[in-house]
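The values are calculated or read from the model by the stated rules, or taken from the named source; none is laboratory data. No experiment lies behind these values; they were computed from the predicted model shown. Reconstructed Cβ throughout: ideal geometry from the backbone, glycine too, with neighbour counts over all protein chains shown. For accessibility, only protein heavy atoms count, side chains too; no ligands or nucleic acids. Shrake-Rupley method; radii C 1.70, N 1.55, O 1.52, S 1.80 Å.
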Amino acid sequence: FSPPREPVNLNVTQKQREWREAFARDQGAEFDARGWSYYTGDWHEEWYPGYTSSWSIFTGAIGILYEQAGVEGSGVKRPDGTTLTYAQTVAQQSVSSLANLTTLATNRRQILRDFFQYRRAALDGTAAGLDGAFIIPAGDNPSREVQLITTLRNQGIRVARALQSFTASVVDESGQRVSRNVPNGSHIIRLAQPLGLMAKALLEFDPHLSPEFLQEERRELEKGEGTRMYEISAWSLALGYDLDIAYAHNAPAVSTQRLTETPDLQPGEVTSPEAGYGFLLRCVDDRAPKALNALLERELTVRCATEPFEHGGESYDRGTVLLRRAENPADLVEHLQEIASDIGVTFVGTPTGYSSDGPDLGSDNFDVLTAPRVGLFMGSGIDYTCAGAIWFLLDHEMHMRVSLLDINQFSGRGLSKYNVLILPSYWGGAWGLRSALGDRGVSAIKDWVEAGGTLIAAENAAFFCADSSSGLSHARARRDVLSSLDEYEEDFADEQAAYTATVDTNDVWHWTPSEPESSEPKKKPHLEQLKEQDELARRFRPRGTIARLNIHPEHWLGYGVGETSTAMLATSQALMAKDPVDVAARYAGAADIRLGGLLWPEARLRWANTACVTREWRGSGQVILFATEPFFRAYFHGPKRMLLNAILLGPGLGTRQPAPW
């Protein structure tokens, strides 16, 4: 039982630590009186604030955790020769609860005074580190901003809206101090409030583990004893929501209004409903994918822009949705008005297909989309946290029809009714997943993909697909391609050169030869040496680090995401990809990859520039791999959008479908 071992979250106060020790002493005394064994400070730590006992600490409570060994049946014989009975487990749990209640009753007046002082110190700013504020500038994804604000307010955290624009000196997600112009209507979370320590704990970008713990962790890893981290080392909501959030060390002196209810979003509408050519829908706001799904559910003919363009004096990005009147039923406007009203999106009517810049609306750069018919694998062995977040996204947030396929009953029959299959992560890793699917199941999935299906696999399932024995992908785990790493590096360099190319006109018209490169071949490290280096780097694997993603500037999987995003990195495996595999998102280079949490130098180098999201042809279909959970704990919104793009855009943009009869 509590108290935990280090690391302990930096926002836990000294007074709370002292009270936890007092409760533990009294609980231990009750066990001593009965001759029962117990231990504290060995098993769990208190770094991540997301567990129930941990979360309660940041309300001012004394968070306590204890767990009783489970017994199936009447008793269990243990390795030391003793027997733990069911009756004893019930007694130990009951005695613990009564001991805690007795400590609470005995000290109730002082505990209440300390609770009051906790809140008052946070409110009047005397608590350390609570003189700043987090700023959420009003941007082009207001529904995601509102979702974050609602999440914070549901904890009891106070949020205010700026009543004017202002300038502030802030620290961005990379730790850089910059001056920002913040527009009117932006939201501010001042830390000088009763739950200021909770707001700080949930939002701060990059709390640092103590030097003492880092030394201990390094020593244990060097010895091969394994990590001392019990949970993820980073969790920042500010980073996970992938919004342009900044932190000001001093709360901005700007007039604000405290929110007393969830802020209203701009209602949806259909502008120029009489427009003769068609209607456009921008894809940046998080309501757009939900609207797109509704359009496809209604069997309307929907197109997606694969190039940016300017139309009617406005700029539109790749991913913009187009509905042409000529391709849709006469009651198209009624459909759009219902969706606009229900979801809150705006359809812009246009009388012409002519664009002032970029492709015209009649161009082949507007591809027809295909409605997804989704099957999601579930069942024993499937990582229920990964699968649960995806199911929640599709069923609850998107209101999308989805079939749940029991992986342990999968025979490979009946796949023709689906055009999208999702394989979440699997507890047993790649070989466990192969065993669950069986040779017949793997073969059936291959045939289904080649016939035009879209297979999406996440984390361990992605590495199952990347294993050469599955035959599903040309991507590979890094440890399997150590002898050809230079080929992957050259492919990455070519990819970078293609999108950063510049033209020296003097070279074009007045070229002169440069000095010839040395013909002496570069000496490659010995394979055994590479294996040793890779094994050492895997020992220092990231265990819940928030990493920066660089998004491919033109790939349809990145539509609506932006140039960069964030993802949770918590795996021992790194994904390598080269032509013919497209890499839609890569982890950033070694200097930029870490945004929050513990990432040893060895891990920086191993995961730098590796693939996070890949896509490749297989016959008429495609395989899309996510090296991480795409919707980690349902709050990492960048990879979530890429997952939705894979589902909603994939069948139309990434597969070859026969022309309708």
* To do: Go through the range 95-139 and count every residue that is open to solvent by 50 Å² or more (accessible area, probe 1.4 Å), of a type in the set (A, V, I, L, M) and more than 30 Å from Tyr241 (Cα to Cα).
  => 5
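Inside the range 210-245, can you point out the residues that are part of a helix (DSSP H, G or I), open to solvent by 40 Å² or more (accessible area, probe 1.4 Å) and in contact with a strand residue (DSSP E or B) (Cβ under 8 Å, 6 or more places away or on another chain)?
Hits for the range 210-245 are Glu212, Glu216.
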* Can you tell me which residue within the range 539-563, out of those that are open to solvent by 40 Å² or more (accessible area, probe 1.4 Å) and over 19 Å from the mean Cα position of the chain (by Cα), is modelled with the highest pLDDT? => Glu554
* To do: Answer yes or no: is there a residue in the range 79-87 that is among the charged types (D, E, K, R) and out of contact with any Phe, Trp or Tyr (no Cβ under 7 Å at 6 or more places or on another chain).
  => yes
* Asked: Taking into account only those residues within the range 1-52 that are under 36 Å from the mean Cα position of the chain (by Cα) and among the polar types (S, T, N, Q), which is farthest from Met198 (Cα to Cα)?
  -> Thr40
* To do: Look at the range 261-297 and say how many of its residues are in a loop (DSSP other than H, G, I, E, B) and either closer than 17 Å to Gly344 by Cα or open to solvent by less than 20 Å² (accessible area, probe 1.4 Å) (or both).
  => 15
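Matching residues to (1) at pLDDT 95 or above; (2) of a type in the set (Phe, Trp, Tyr); (3) crowded, with 19+ Cβ neighbours inside 10 Å:
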{"site": "Leu369", "(1), (2), (3)": "yes, no, yes"}
{"site": "Leu376", "(1), (2), (3)": "yes, no, yes"}
{"site": "Cys386", "(1), (2), (3)": "yes, no, yes"}
{"site": "Trp391", "(1), (2), (3)": "yes, yes, no"}
{"site": "Leu394", "(1), (2), (3)": "yes, no, yes"}
{"site": "Met400", "(1), (2), (3)": "yes, no, yes"}
{"site": "Leu404", "(1), (2), (3)": "yes, no, no"}
{"site": "Trp427", "(1), (2), (3)": "no, yes, no"}
* To do: Working carefully through the options Ser416, Ser435, Ser443, find the one that is without any contact (Cβ under 8 Å) to a residue 24 or more places away in the chain, more than 21 Å from Lys640 (Cα to Cα), assigned to a helix (DSSP H, G or I) and out of contact with any strand residue (DSSP E or B) (no Cβ under 7 Å at 6 or more places or on another chain).
  => Ser435
* Asked: Given the structure, is Arg5 open to solvent by 30 Å² or more (accessible area, probe 1.4 Å), within 26 Å of Trp235 (Cα to Cα) and among the charged types (D, E, K, R)?
  -> no
* Among the residues of the range 26-48, write down those that are assigned to a loop (DSSP other than H, G, I, E, B), under 30 Å from Ile157 (Cβ atoms) and modelled with pLDDT under 95. => His44
* Structure fact -> Residue count, the range 317-344, condition farther than 18 Å from Gly268 by Cα, buried (at least 18 other Cβ atoms within 10 Å of the Cβ) and under 31 Å from the mean Cα position of the chain (by Cα), comes to 2
* Hey, can you tell me all the residues within the range 51-94 that are open to solvent by less than 60 Å² (accessible area, probe 1.4 Å) and assigned to a helix (DSSP H, G or I)? => Ser53, Ser54, Ser56, Ile57, Gln88, Thr89, Ala91, Gln92, Ser94
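Assess whether Pro359 counts as being in contact with an Asp or Glu (Cβ under 7 Å, 6 or more places away or on another chain) and within 22 Å of Ala305 (Cβ to Cβ).
Numbers: in contact with an Asp or Glu (Cβ under 7 Å, 6 or more places away or on another chain): yes; within 22 Å of Ala305 (Cβ to Cβ): yes.
In short, yes.
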* **Where a residue in the range 555-568 is part of a loop (DSSP other than H, G, I, E, B) and its partner, wherever it lies, is not hydrophobic (A, V, I, L, M, F, W, C), with Cβ under 6 Å and at least six apart** => Tyr559/Arg318; Tyr559/Gly319; Tyr559/Asn645; Gly560/Gly319; Gly560/Arg641; Val561/Gly638; Val561/Arg641
* Asked: Within the range 298-307, how many residues turn out to be part of a loop (DSSP other than H, G, I, E, B) and either open to solvent by 60 Å² or more (accessible area, probe 1.4 Å) or of a type in the set (Gly, Ala, Ser) (or both)?
  -> 3
* To do: For the range 191-204, name all the residues that are open to solvent by 20 Å² or more (accessible area, probe 1.4 Å) and under 17 Å from Thr151 (Cβ atoms).
  => Lys200, Leu202, Glu204
* Scope the range 574-595; condition open to solvent by 10 Å² or more (accessible area, probe 1.4 Å) and among the small types (Gly, Ala, Ser); matching residues -> Gly589, Ala590, Ala591
* Quickly run through the range 468-487 and pick out the residues that are open to solvent by 20 Å² or more (accessible area, probe 1.4 Å), of a type outside the set (D, E, K, R) and in contact with a strand residue (DSSP E or B) (Cβ under 7 Å, 6 or more places away or on another chain). => His474
* Please give the number of the condition Ala436 fails out of (1) farther than 26 Å from Ser620 by Cβ; (2) within 25 Å of the chain's Cα centre (by Cα). => (2)
* **Candidates Leu101, Leu84, filtered to the one that is out of contact with any helix residue (DSSP H, G or I) (no Cβ under 8 Å at 6 or more places or on another chain) and more than 29 Å from Gly50 (Cβ to Cβ)** => Leu84
* Hey, which of the strands (runs of 3 or more DSSP E) in the range 140-184, taking only ones fully inside, have at least 3 residues that are of a type in the set (Val, Ile, Thr), in contact with a Pro (Cβ under 7 Å, 6 or more places away or on another chain) and open to solvent by 50 Å² or more (accessible area, probe 1.4 Å)? -> none
* Structure fact -> The condition of being assigned to a loop (DSSP other than H, G, I, E, B), in contact (Cβ under 8 Å) with a residue 40 or more places away in the chain and either of a type in the set (Gly, Ala, Ser) or buried (at least 21 other Cβ atoms within 10 Å of the Cβ) (or both) holds, among Leu598, Leu644, only for Leu598
* Would you point out the residue of the range 348-397, among those that are out of contact with any helix residue (DSSP H, G or I) (no Cβ under 9 Å at 6 or more places or on another chain) and assigned to a helix (DSSP H, G or I), that is farthest from Trp448 (Cα to Cα)? => His396
